[in-house]
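This report concerns only the one structure given below.
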Amino acid sequence: MKKITLKLLALLGVVFVFSCVSEEENLEVIFEQDKQKIEAFVADFDVEHRKETVGESGVVLLITETNDIGRLPVNRDTIMVDYTGYLLDGTVFDTSVRSIAEEEGMFNPNRPYEPFRIELGVSNVIVGWHIALSQLREGEKATVLIPSFYGYGRDGSGRIPGNTVLVFDLDVVSVTGPE
């Protein structure tokens, strides 16, 4: 009986210690893990690119096609962007490109396959998109890695599990001023 009581007290102690970790501390741990996963992905990326990390956000752009004369968007500009979103393991979860949707077996005839319209800083898309697209000029292409905090966070969305680093191939088709 004494052994059972000691084991129960030890278990309660462990539970108490882990319950004292704040949400902010958990987010910091997950953010650091996401950055490590991103660095591992970048190390295996086999395309010539220019790598940029956007401030302290942890968002990494692997710019695969540059356009030095393209317009760099500012807040409230309209950006038309073709995209393919996938997980680090290569599983595609969404795309605006018909041929990719067909290739991945996710084609939906009721959905338009065309560049997606986003108003920078305003549109209701994940924060990671606003961060990344603010750095890409019209005509540029990049593979963008987004820590889960700037994606769908701990809750995930649909086929995207919580605390998941997102990868997007972005092709900035056009950038225009506010309408």
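The values are calculated or read from the model by the stated rules, or taken from the named source; none is laboratory data. Remember, it's a predicted structure, so these values are computed and weren't measured experimentally. When we count neighbours, we look across all protein chains shown, and the Cβ atoms used for this are built from the backbone with ideal geometry, even at glycine.
Looking only at residues of the stretch 142-159 that are closer than 19 Å to Gly58 by Cα and assigned to a strand (DSSP E or B), we find that the one that is nearest to the chain's Cα centre (by Cα) is Ile146.
So in the stretch 71-101, with the set limited to residues that are free of Cβ contacts under 8 Å to residues at least 40 places away in the same chain and part of a strand (DSSP E or B), which one is surrounded by the most Cβ atoms within 10 Å (Cβ to Cβ)? Looking at residues that are free of Cβ contacts under 8 Å to residues at least 40 places away in the same chain and part of a strand (DSSP E or B), I get Thr95. Candidates in the stretch 55-70 are the residues that are in a loop (DSSP other than H, G, I, E, B) and surrounded by fewer than 17 Cβ atoms within 10 Å (Cβ to Cβ); of these, the one that is nearest to the chain's Cα centre (by Cα) is Ser57. Every condition in (1) assigned to a loop (DSSP other than H, G, I, E, B); (2) surrounded by 17 or more Cβ atoms within 10 Å (Cβ to Cβ); (3) out of contact with any strand residue (DSSP E or B) (no Cβ under 7 Å at 6 or more places or on another chain) is met by Pro109 except one, and the failing one is (2).
Residues in the stretch 125-166 that are within 16 Å of Gln33 (Cβ to Cβ) and aliphatic (A, V, I, L, M): 4 in all. Annotation note: Cβ proximity below 7 Å between a residue of the stretch 138-154 that is modelled with pLDDT of 95 or more and a residue that is charged (D, E, K, R) and in a loop (DSSP other than H, G, I, E, B) (sequence gap 6+ or interchain) occurs for Glu138/Arg71. Is it the case that some residue within the stretch 120-140 is in a strand (DSSP E or B) and within 22 Å of Thr66 (Cα to Cα)? No.
Of the residues Arg50, Arg76, Arg111, the single one that is out of contact with any Lys or Arg (no Cβ under 6 Å at 6 or more places or on another chain), basic (Lys, Arg) and at pLDDT below 95 is Arg50.
The criterion of being farther than 19 Å from His49 by Cα, of a type in the set (D, E, K, R) and touching a strand residue (DSSP E or B) at 6+ places or on another chain (Cβ under 8 Å) does not hold for Glu138.
All conditions but one from (1) farther than 29 Å from Lys37 by Cβ; (2) in a strand (DSSP E or B); (3) among the acidic types (Asp, Glu) apply to Asp171; the one that does not is (1).
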